[in-house]
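Quick notes on the structure that follows.
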Amino acid sequence: MITSPANLILGGTLVFIATVFLLLAIPLIRRRVKVNYLYGIRFKKSYSSDEAWYDINEYGGKVLAISSVPMFILGLLCFFVDLEANQTITLIIAFSPAVVAVACALYIWRYTAAYITDSQH
């Protein structure tokens, strides 16, 4: 195990972010988050009905949960790769949460855009 500051900070940050993603995803998947303007998948179509809110948020929660797994694994791998000797790998790993977040948002947006509400039948 490599315990340089870069490894500890980057690995710990990725594990933390992955854990937060998972903890935020669980109530969404379980449909426990009521319609609100603070927490959840908040696209315009999400607010079209309660059914849309819960369906879109459940899907979004699943996307967040699934994306947390590789991020968590990547965080753990940081403790075993010499990041100070591999600056390119360090940069790629450092930007991976942003890439994952954007990919999640696009994936959820695509689902939301294709979501058909009762009023659209």
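Points worth noting:
- Computed from Cα atoms, the angle from the helix 87-114 axis to the main principal axis of the chain rounds to 10 degrees.
- Net lengthening on full extension, LEU23/ALA114 (0.36 nm per residue, minus Cα-Cα): 30.1 nm
- Highest-first arrangement of 49-59, 93-103, where packing means the average Cβ count within 10 Å: 49-59, 93-103
- Helix 5-29 axis, angle to the chain major axis (alpha carbon atoms, nearest 10°): 20 degrees
- Label corresponding to Kirkwood radius over Cα pairs in Å when calculated from the structure given, among [x] 16.5; [y] 15.0; [z] 15.6: [z]
- The modelled label-to-label distance for the pair TYR39/TYR107, using points 7 Å beyond Cα in the direction of Cβ, is 2.2 nm.
- Between SER48 and ILE2, the contour length at 0.36 nm per residue exceeds the alpha carbon distance by 11.5 nm.
- Most fluctuating residue given options LEU38, LEU28, LEU77, as computed from a GNM of the chain linking Cα atoms under 10 Å: LEU38
- Relative to the longest principal axis of the Cα atoms of the chain, the long axis of helix 50-77 lies at roughly 10 degrees.
- Förster radius 30 Å - calculated FRET efficiency between LYS62 and ASP82, Cβ distance, rounded to 0.05: 0.30
Only the coordinates and a few stated rules stand behind these numbers; no lab work does. Treat the numbers as computed from the prediction; the structure is a model and nothing was measured. With ideal geometry, Cβ positions are generated from the backbone for all residues, glycine too; neighbour counts draw on all protein chains shown.
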